[in-house]
1. Before we move on, is His84 within 21 Å of Gly103 (Cβ to Cβ) and either modelled with pLDDT under 95 or open to solvent by 40 Å² or more (accessible area, probe 1.4 Å) (or both)?
2. More than 30 Å from Tyr118 (Cα to Cα) and surrounded by 16 or more Cβ atoms within 10 Å (Cβ to Cβ) - does that describe any residue in region 74-81?
3. For residues that are farther than 28 Å from Ala120 by Cβ and charged (D, E, K, R), tally how many sit in region 37-91.
4. What residue, among those in region 117-132 that are surrounded by 11 or more Cβ atoms within 10 Å (Cβ to Cβ) and outside any helix (DSSP H, G or I), is modelled with the lowest pLDDT?
5. Considering region 97-109 alone, what residues qualify as being open to solvent by less than 60 Å² (accessible area, probe 1.4 Å) and assigned to a helix (DSSP H, G or I)?
6. Which residue out of Gln2, Gln46, Gln69, Gln18 is open to solvent by 80 Å² or more (accessible area, probe 1.4 Å) and at pLDDT 95 or above?
7. So the check is Cβ under 6 Å with 6+ separation or different chains; which pairs have a first residue in region 63-88 that's part of a loop (DSSP other than H, G, I, E, B) and a second one that's not basic (Lys, Arg)?
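The values are calculated or read from the model by the stated rules, or taken from the named source; none is laboratory data. Everything quoted here is computed from the prediction, not taken from an experiment. Note: ideal-geometry Cβ built from the backbone for every residue, glycine included; neighbour counts use all protein chains shown. Quick note on the areas: whole protein, heavy atoms, side chains included, nothing else; ligands and nucleic acids left out. Shrake-Rupley method; radii C 1.70, N 1.55, O 1.52, S 1.80 Å.
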Amino acid sequence: MQALQQAVHLHQQGRWQQAMSLYKDVLKAQPKNPDALHLLGLLEAQHESFDKGTARMKKAFKLAPNNSQILNNLANLYSNEGRHKEAIDLYDKALLLDPMNLGAQENKGYALYNIHDYDAAVSVLKGLIGISKNPKLF
């Protein structure tokens, strides 16, 4: 697990190439490690191949079907690609797993805004006032 923690640390520092290398090392030893699959997939989708990365993240979710954060991150990738309706479906699935996933709630609100469903966006985002610590929300 130390290699995974080091990879996460590098990932958080923005040293994505080194993080990817370590995630791959973890997966050589533990091919079904959902955290390594998830985070490597996230980096791959952002920096190399959207399709390869999202496929890896979907595999991670199959291994950890109660992990709402995987779905939230996957939805964020779709939203960043302008695929907001697909993202909203994934945010909804994440919120079914964890209704208190504040990131998924907030991101769903922004995706709704991006498809011009302003009433729904305001409704979702209003529910976060007083809970979220994100100043951008206000």
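1. Numbers: within 21 Å of Gly103 (Cβ to Cβ): yes; either modelled with pLDDT under 95 or open to solvent by 40 Å² or more (accessible area, probe 1.4 Å) (or both): no.
The answer is no for His84.
2. Within region 74-81, the subset more than 30 Å from Tyr118 (Cα to Cα) is none.
No, because not a single residue in region 74-81 is more than 30 Å from Tyr118 (Cα to Cα) and surrounded by 16 or more Cβ atoms within 10 Å (Cβ to Cβ).
3. Adding up the residues that qualify gives 7.
4. Going through region 117-132, the residues surrounded by 11 or more Cβ atoms within 10 Å (Cβ to Cβ) turn out to be 117, 120-128, 131-132.
Then drop every residue that is not outside any helix (DSSP H, G or I), which leaves 117, 127-128, 131-132.
Working: Asp117: 97, Gly127: 83, Leu128: 86, Ile131: 76, Ser132: 69.
Once the filter is applied, the top-ranked residue is Ser132.
5. Leu102, Gly103, Ala104, Gln105, Glu106, Asn107, Lys108, Gly109 - these are the residues of region 97-109 that are open to solvent by less than 60 Å² (accessible area, probe 1.4 Å) and assigned to a helix (DSSP H, G or I).
6. On the way: Gln2 fails: at pLDDT 95 or above; Gln46 fails: at pLDDT 95 or above; Gln69 fails: open to solvent by 80 Å² or more (accessible area, probe 1.4 Å).
Answer to the check: Gln18.
7. Note: pairs meeting the criteria are Ala64/Pro34; Asn66/Leu97.
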